[in-house]
1. Tally Lys/Arg at +1 and Asp/Glu at -1 over every other residue whose Cβ is under 15 Å from the Cβ of Pro18; what's the total?
2. Compute the FRET efficiency between Asp25 and Phe165 as 1/(1 + (r/R0)^6), taking r as their Cβ-Cβ distance and R0 = 41 Å, and round to the nearest 0.05.
3. Assuming R0 = 22 Å, what is the FRET efficiency of Tyr96 and Ile158, from their Cβ-Cβ distance, to the nearest 0.05?
4. Roughly speaking, what is the stretch gain from Glu12 to His174, that is 0.36 nm per residue apart minus the C-alpha to C-alpha distance, in nm to one decimal?
5. Give the carbon-plus-sulfur fraction of the accessible surface of the chain in %, rounded to a whole number; probe 1.4 Å, heavy atoms of protein chains only.
6. Using a ≥ b ≥ c from the Cα gyration tensor of region 1-90 (square roots of the eigenvalues), is it rounded, prolate or oblate, where a/c under 1.5 gives rounded and otherwise the larger of a/b and b/c decides, a/b for prolate?
7. Stretched out fully, how many nm does the piece from Arg107 to Gln59 gain, at 0.36 nm a residue minus the Cα gap?
8. With a ≥ b ≥ c taken as the square roots of the eigenvalues of the C-alpha gyration tensor of region 46-188, please select rounded if a/c is under 1.5 and otherwise prolate if a/b is larger than b/c or oblate if it is not?
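The values are calculated or read from the model by the stated rules, or taken from the named source; none is laboratory data. Owing to the predicted nature of the structure, the values given are computational and were not obtained by experimental measurement. Cβ: placed from backbone, ideal geometry, glycine included. Neighbour counts: every protein chain shown. To get the accessible areas, we keep the full protein, side chains included, count just its heavy atoms, and leave off ligands, DNA and RNA. Shrake-Rupley method; radii C 1.70, N 1.55, O 1.52, S 1.80 Å.
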Amino acid sequence: MLQGLNLVLETEHLLLRPLELADLDLIWPDISDPEISKYMAWEAHNDRAQTVEFLKNEQARIEAGKGITWAIFKDDSFCGIFSIIGVVRSHRALTYNKAELAYWLGRRYQGQGIMTEAGKRVLEFAFQELGLHKVFVSHFSVNKASENLIKRLGFRYIGEQREEFQKAGVWYDHKLYELLKVEFAALV
């Protein structure tokens, strides 16, 4: 699925390239920041070995054709990551061609439009290069920054799951969105 594709993406202001094992020191300050992971499915890393395992898993995801995580750079500075994960092409007699969007951004880069610009390019890659039919995304209902990004990217709201999961002893609601290839094409 990913073999033969150019996985380096560029926009007017950004460079996105696949995460590498050598990125440990680049991502450590942000992936270990509890404020970034507060409303994410993962906990802040407290040991660099966790981050090494994360980077190895991201390499394996690419090799298995199950998705890709890009490091986002602006003016040669690492800002955060954007991912296409959980790629499902088919199951039994059914064709899906869908995947999930995931992302996070370092605090010092928030509010600069970086994720909107990166997200549009990642979606373009998902629909044009990967040939996906649908991309879906979700967020903790209390994460308004994520909700705003998802809306800016043109996703259609499909519903909210009440008390869907627990993190740090708190039950959270969960909002779900999706975007079809034809819907994305109408946006650009």
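1. On the way: positive: Arg17, Lys56, Arg61, Lys66, Arg121; negative: Glu10, Glu20, Asp23, Glu58, Glu63, Glu129.
Residues close to Pro18 contribute a combined charge of -1.
2. The computed FRET efficiency comes out at 0.85.
3. On the way: r = 16 Å, r/R0 = 0.72.
E between Tyr96 and Ile158, to the nearest 0.05, is 0.90.
4. Working: separation 162, 0.36 × 162 = 58.32 nm, distance 3.28 nm.
55.0 nm is the gain from fully extending Glu12 to His174.
5. 50 percent
6. Oblate shape, in that a/c is at least 1.5 and b/c is the bigger or equal ratio.
7. Values: separation 48, 0.36 × 48 = 17.28 nm, distance 2.51 nm.
This chain segment gains 14.8 nm when fully extended.
8. rounded
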